Amino acid sequence: MQDKILQKISDIHKSNIKFVIVSSGGGSNAIASLLKVPGASNSILESYIPYSRESLDFYLLKQPDFYCSKDTSLRMAAKAYSAAKKIDQNSSKKNLFGVAITAALSTTYQKKGDHKFHIALQTEDYSKSISCVMKKGVRTREQEEELVTALLNDRPEQVGMTRVFPDGHVILEGGFAEAYSKNTINKVPIIFGTNKDENKFFNSANPNFVEWAPAKGLFRTAGIDQMPVKIIDPDYYDAINFYGSGFWKNSAVDTPARILVENGHEQTFAYRFDWDELREVNGVDLSRLVGAAHALEILFVMGTFDNFIIKSFLFGRGSFRPALELSSNIQSYWAEFAYTGNPGKGTNNALPLWKKWSNEGEKYLILDSTLDQGIKMSDEEYTVEFLLDKLSNDSRLSDIEKCETLFGISYDDGSGVSENVFNNFLGGICKDLDYAKTIEIINAVRTRLTIEDQEET
C-alpha cells in the first residue's frame, strides 16, 4: 500500500493544486509523507501542526467545543484556505486548498473515547469532510497514522467520490480483486449489476457535451434553475458514454463475476438495467441524454412511482404502465433472491429464468420493459479486449478522439486500462498526445456535480 500512497503523492506534486495543511492530535505522518516525496514545494505552501490543545486554541482564536471533531477540522481547513490565498496570490483560486486533520489516536494510555480522525477540505466553492472511527486495540499508533495518510492521499482533489482503500484488515491489500480470487472468502449468493448508461448521468452535466440554459415556465416554478437544451454532438456523446459505461461494467460486474466463478463461487448472478423509455423535456430527448442512468434502477427496485415530478417529467408516451410491470418483476426477483439465495423465476415462478453467471454460456440478465427488449439473458461479456476492439473500430470517433476517450476512462482512478495497455493502443499513437483539454473536461463535470452535492447537503 505504501507504494500506492507514494505514487498518489507524486501525482499531487505534479498537478496544479497548491494547499496549506494543518494537523492536530495526529496526522503528522501524513504531512511527513507529503514532504518526503520530491516536488513537495510545487504543491505544499505551508504545513502547520498545532499539536497541543493550547496551540490549537491559539490557531483558531477560540477554544473549540471538541478538539477532535468534524466541526473543528472544517474550521481549521477554512483558516488553512485563507492562508493559502494570502501566500499564493498568483495562482487561480480554484487551484488553492485548505486541508485539515484532527485525530485522537492510540497513545501510551487507554483513551476513554473512540480512536478516530476527521479530514476536511476547503476550496473556493465548497467545504467537504470525511470521518473515520477505528476499533480500539486493532491497530498500533503507527498503523492508525498509516490509515490517516492513506485516506488523506486517496483523493485530495477538488471533487470525487469517497473511495474505499485496501488497509490490509477490512479490505485485503490487493483490493477487491484479491478478495474475489481468495478461496477463503464466504461463498454466499451475490448479485452484481450496472445500468446500461451509467456514465450519461455524469456527462449530461458537462457543458462540453451538453448545452444548458436557465429554466423557464413550469420548470422554473418547480424550483429548477438550469435545464439542458441541446446535446452538442449526439453521436460523439453516445460513443464516449458507451465506453465509459462499458468499462464500468467490466470492472464492477463482469470481471469480479468471472473471477468468483473461476474460484468456485457458484451462486453468482449479474444483471444490466436497460430501461430508458424517458420523455422529451424542453426539446431534449431524456432517453438519449441520460438513458438507463446511474441509480435509475433504484426507482424500480423500490417501486416509488407516486411522486408527482416523476410521473409528470420522467416517462415517455405509453411507458408508464410497462415501467410499473418491470418494477414489479424486478421486485419479484429481488424478493426471491432474499428468500432463497437464487432469484430464479421470481416469487411466482413465472418470470424468465435468471441463470447463474457462466464463463462459457449466458452470463447476466437484461432488465427492460416489454416496449423494448423485455427481460432476457445475455452471453455478451464486457472484457477489456472486447471494449478495446469496439473502440478501435468505432467509425463515430477519429483516432485522436478514441485516444481521448480511453484516456478519460483511464485517468486518475478510472475504470479503464493500465498505462502500458493505453500506450500500446492503436499502435502507440495515443502515448504522446496532449490531454490537457481532456482533463479540463473531466474536472468540469466533477466540479459541477460536487458543487451541486454540497448545495443539496
- Three principal axis extents, largest first, for the C-alpha atoms of the chain, in Å? 68, 53, 52
- Do you know the relative contact order of the chain, to the nearest whole percent, from alpha carbon pairs under 8 angstrom that are 6+ apart? 12
- Expected sort for MET76, MET377 with the fewest Cβ neighbours (10 Å cutoff) up front is MET377, MET76
- At a Förster radius of 45 Å, what calculated FRET efficiency corresponds to the Cβ-Cβ distance of GLU385 and ARG317, to the nearest 0.05? 0.65
- Item | Residues whose placed amide H lies under 5 Å from that of ALA215, excluding near-sequence neighbours | GLN226, MET227
- Net charge near LEU353: determine it from the other residues with C-beta under 12 Å of the C-beta of LEU353, scoring Lys and Arg +1 and Asp and Glu -1. +2
- Note on the structure: Projecting the Cα atoms of TRP248, ALA293, SER129 onto the charge dipole of the chain, where Lys and Arg contribute +1 and Asp and Glu -1 at Cβ, the residue farthest towards the positive end is SER129
- Task: Please list 21-30, 87-96 highest first by mean number of surrounding beta-carbon atoms within 10 Å per residue.
- Result: 21-30, 87-96
- Query: Can you give the net charge of the other residues whose Cβ lies under 15 Å from the Cβ of THR304, counting K and R as +1 and D and E as -1?
  - Reply: -1
- Query: Which ³J(HN,Hα) values, rounded to whole Hz and listed in residue order, are derived for region 47-52 from phi using the Karplus coefficients 6.51, -1.76 and 1.60 in 6.51 cos²θ - 1.76 cosθ + 1.60 with θ = phi - 60°, glycine and proline given as x?
  - Reply: 10, 9, 10, x, 6, 7
- Any of LYS36/LYS135; LYS85/LYS200; LYS182/LYS431; LYS94/LYS128; LYS85/LYS128 with alpha carbons more than 24 Å apart? Name them for me. LYS36/LYS135; LYS85/LYS200; LYS182/LYS431
- Positive-pole candidate from ALA257, THR72, SER52, dipole of the chain, charges at beta carbon: SER52
- Note on the structure: If THR102, THR194, THR438, THR370 are placed from fewest to most neighbouring beta carbons inside 10 Å, the sequence is THR370, THR438, THR194, THR102
- Message: I need the helices of the chain that pass two filters: whole DSSP H segments spanning 24 Å or more by Cα along the axis, and mean Kyte-Doolittle score no lower than -0.5.
- Response: 70-87, 320-340, 436-456
- Message: I'd like to know which of THR383, ASN16, ALA103 lies farthest towards the positive end of the charge dipole of the chain, counting +1 on Cβ of Lys and Arg and -1 on Cβ of Asp and Glu.
- Response: ALA103
- Assigned charges on the beta-carbon of Lys, Arg, Asp, Glu; the chain dipole about Cα centre (debye): 1460
- Message: Nearest 500 deg cm²/dmol is fine: what mean residue ellipticity at 222 nm does the chain get from its DSSP H runs of n ≥ 4 alone, each adding -39,500 (n - 2.57), divided by its residue count?
- Response: -12500 deg cm²/dmol
- Query: How big is region 174-296 by Rg and Dmax over its Cα atoms, in Å?
  - Reply: 18.8, 59
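Computed from the coordinates by the stated procedures, all read-outs in this text should not be read as laboratory data. If you're wondering where the values come from, they're calculated on a predicted model, not measured in any experiment. With ideal geometry, Cβ positions are generated from the backbone for all residues, glycine too; neighbour counts draw on all protein chains shown.
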